[in-house]
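Chemist: The structure is given below, and queries will be raised subsequently.
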Amino acid sequence: MKLSVTSLTKHYGAHVALQDLSIEVPTARVLCLIGPSGGGKSTFLRILGGLETPSSGAVSLLGEALPESADGLLTHRRRNGFLFQQFNLFPHLSALRNLTLPLEKVHGQNPTEALSTARAALDRFGLIDHADKLPSQLSGGQQQRVGIARAIAAGPRILFLDEPTSALDPEMTAEVLELIQELAAEGQNIILSTHEMGFARAVADHVAFLAAGHIEESGPPSQVFGNPTSPICQRFLSRVMRY
Amino acid sequence: MLSKQRLLNLAAALLILGGFAWLCVAVFTSLKDGDWNWSRPWEYRELLLRGWRTTILLSLGALAGSTLVGLLLLFGQRCGLPVVKWTCRLFLEFVRETPLLVQLLVGYFVIFAPLFSRTFESWGWNDKLVIGVILLSLFEGAYLGEILRGGVDSIPRAQWDSARAVGFTPFQIQRYVIFPQALRRVLPALAGQFVSLIKDSSLLSVIGVQEVAYQVKAYTSQTYGLEGYVPLVLGYLALTAPIAFISSRLERRFHHET
Ligand SMILES: Nc1ncnc2c1ncn2[C@@H]1O[C@H](COP(=O)(O)OP(=O)(O)O)[C@@H](O)[C@H]1O
Ligand SMILES: [Mg+2]
């Protein structure tokens, strides 16, 4: 996966969320965004995932410029998967229906195909026993895993995960991180933001540190964690690694 | 402690029962001969039934009409054009801040009857009934629109985001994600609104729609009997109670889904 961003800026009214952000990632399977809250990780991910449009700047992903038209962005969202921190599932639909509905209505599968695709995806993550449950009957970790199953069911080119475990307790965090690691090992392209530094270090091919809407540090995990050059990044890491 | 509460409850029951009994005795002793004759409603059953059927027809018509008006107002207010948005808002405020009775009188005698009565009659329609349905639809639709808007607004942002993320089109987002959830949330309010609609239909007697309240008034003025009000009450209850019952059942069914 190749990513190239030059002078990306995003503001909401007068508020600047991303300020002249540039990054060059020649090749990576798993790209991890780390950094303090409010630093712009979510905004950056939402732009990459086609949920938000840049105010200015150029973004190229997998060698293609990000689309700008509404139709282009819709296509972009359909080719990729996106998972938020929480409340991803549609609460009025069973876990299974959460998967089959987009497969039928977005990806044009017929109900039989959609059912077998969805069941396969749930089965793969050990969720098949929960297929008929409503989201409110699942634990937070199970909900996130069903969310990931939905995001990868149609075979996305890139899976975007925005702090997928921030709302979970440690045990559920572990079960979700294991699943993400599994996907990474199988070769899924993933761009995620996380506060789990150990996970980022172990699983990422490339880590970017974002603060105040800007990339402060970017490189392989050994370099970013082992030998950061930016003072802000050094301070952040020494603080979060202390405990 | 518990037995004391039970004792108090018993005392309250006796008090209420006593009060009710006193009211009944007082009412029945004040009735004069001829006020209360149960052979007459049977004689006039055709008239009463005709009125009741008109009430049902009126309610069903206004149910469909007000749903349409409500949806139009919902989409109108979410429309990107400010003029459309503000027109809807103005209409809503006007309808909600004037009495239905006044709207019916003005709407019928000043606006609709002079403009459309002839046309409707020439088509063989009952002009009072049709205009009544339209006016009631506009009134109830304004409330319905506000209920629906509240429902849509109450759906958290995360649902819009998730629906966009899975690749739904704007229409699909509404159709598969927002609307079904909004509907579940506003179901009790919606049922309440439909009960109000049925009750409000009794006001259409002022423009001469021959629904059940109109017919009972006609009956009472012909027979000087008061017993006609009993079928009137029962006639409305027969329509509204099932809606309240079904609504509470559905509400329980949907409860765990959100
Ligand atoms: N929809 C929005 N409207 C206004 N400001 C926003 C919006 N989304 C994010 N921001 C602002 O942009 C900045 C970056 O936020 P975010 O991307 O959520 O950071 P992070 O995910 O790293 O915590 C924050 O200051 C935040 O308040
Ligand atoms: Mg965030």
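The values are calculated or read from the model by the stated rules, or taken from the named source; none is laboratory data. All values reported here derive from a predicted model rather than from experimental measurement. Glycine gets a Cβ as well: all are built from the backbone with ideal geometry, and neighbour counts include every protein chain shown. Accessible surface areas use protein heavy atoms only, side chains included; no ligands, DNA or RNA. Shrake-Rupley method; radii C 1.70, N 1.55, O 1.52, S 1.80 Å.
Chemist: Which one is farthest from residue B:165 (Cα to Cα), of the residues in region A:174-202 that are open to solvent by less than 10 Å² (accessible area, probe 1.4 Å) and within 16 Å of ligand 2 (Cβ to nearest atom)?
Modeler: A:200
Chemist: Filter region A:79-95 down to the residues that are under 16 Å from residue A:138 (Cα atoms) and more than 8 Å from chain B (Cβ to nearest Cβ), then identify the one that is most open to solvent (accessible area, probe 1.4 Å).
Modeler: Looking at residues that are under 16 Å from residue A:138 (Cα atoms) and more than 8 Å from chain B (Cβ to nearest Cβ), I get A:85.
Chemist: Of all the strands (runs of 3 or more DSSP E) wholly in region A:1-71, which have at least 1 residues that are of a type in the set (Phe, Trp, Tyr)?
Modeler: A:3-12
Chemist: Could you grab the pairs with beta carbons closer than 9 Å, sequence gap of 6+ or different chains, first residue in region A:12-40 and within 14 Å of chain B (Cβ to nearest Cβ), second one within 16 Å of ligand 2 (Cβ to nearest atom) and small (Gly, Ala, Ser)?
Modeler: none
Chemist: When you go through A:48, A:18 one by one, which is the residue that is of a type in the set (A, V, I, L, M, F, W, C), under 18 Å from residue A:164 (Cβ atoms) and within 16 Å of ligand 2 (Cβ to nearest atom)?
Modeler: The unique qualifying residue is A:48.
Chemist: Going through B:98, B:169 one at a time, which residue ends up being within 24 Å of the chain's Cα centre (by Cα) and hydroxyl-bearing (Ser, Thr, Tyr)?
Modeler: B:98
Chemist: Could you please let me know if residue A:29 is among the basic types (Lys, Arg), within 18 Å of residue A:224 (Cα to Cα) and away from ligand 1 (no atom under 15 Å from the Cβ)?
Modeler: Judged against the criteria, residue A:29 is a match.
Chemist: Could you name every one of the helices (runs of 4 or more DSSP H) located completely within region B:1-90 that has at least 2 residues being closer than 29 Å to residue B:210 by Cβ?
Modeler: B:40-43, B:45-78
Chemist: Might you check whether a residue that is at pLDDT below 95, small (Gly, Ala, Ser) and out of contact with any Cys (no Cβ under 8 Å at 6 or more places or on another chain) occurs anywhere in region B:167-178?
Modeler: There is no residue in region B:167-178 that is at pLDDT below 95, small (Gly, Ala, Ser) and out of contact with any Cys (no Cβ under 8 Å at 6 or more places or on another chain).
Chemist: Which count do you get for residues in region A:21-45 that are within 13 Å of ligand 2 (Cβ to nearest atom) and in contact with a helix residue (DSSP H, G or I) (Cβ under 8 Å, 6 or more places away or on another chain)?
Modeler: Qualifying residue count, region A:21-45: 4.
Chemist: Conditions: (1) within 13 Å of ligand 2 (Cβ to nearest atom); (2) surrounded by fewer than 18 Cβ atoms within 10 Å (Cβ to Cβ). Residue A:68 meets all but one. Number of the miss?
Modeler: Only one criterion is unmet by residue A:68, namely (1).
Chemist: Among the residues of region A:5-14, are any within 16 Å of ligand 2 (Cβ to nearest atom) and open to solvent by less than 60 Å² (accessible area, probe 1.4 Å)?
Modeler: Yes, some residue in region A:5-14 is within 16 Å of ligand 2 (Cβ to nearest atom) and open to solvent by less than 60 Å² (accessible area, probe 1.4 Å).
Chemist: Within the set of pairs 6+ apart or on separate chains, which have a first residue in region A:176-190 that is on the phi > 0 side of the Ramachandran plot, a second that is in a loop (DSSP other than H, G, I, E, B) and open to solvent by 30 Å² or more (accessible area, probe 1.4 Å), and C-beta atoms under 7 Å apart?
Modeler: Matching pairs, first to second residue: A:187/A:29.
Chemist: As an exercise: evaluate residue B:210 against (1) assigned to a loop (DSSP other than H, G, I, E, B); (2) open to solvent by 10 Å² or more (accessible area, probe 1.4 Å); (3) within 10 Å of another protein chain (Cβ to nearest Cβ) and give the number of the one condition it does not meet.
Modeler: Among (1) assigned to a loop (DSSP other than H, G, I, E, B); (2) open to solvent by 10 Å² or more (accessible area, probe 1.4 Å); (3) within 10 Å of another protein chain (Cβ to nearest Cβ), residue B:210 violates only (3).
Chemist: So residue A:167 clears everything in (1) under 26 Å from residue B:181 (Cα atoms); (2) away from ligand 1 (no atom under 16 Å from the Cβ) except one condition, right? Which one?
Modeler: (2)
Chemist: Taking the condition more than 16 Å from ligand 1 (Cβ to nearest atom), within 14 Å of another protein chain (Cβ to nearest Cβ), open to solvent by 50 Å² or more (accessible area, probe 1.4 Å) and not acidic (Asp, Glu), does residue A:107 pass?
Modeler: yes
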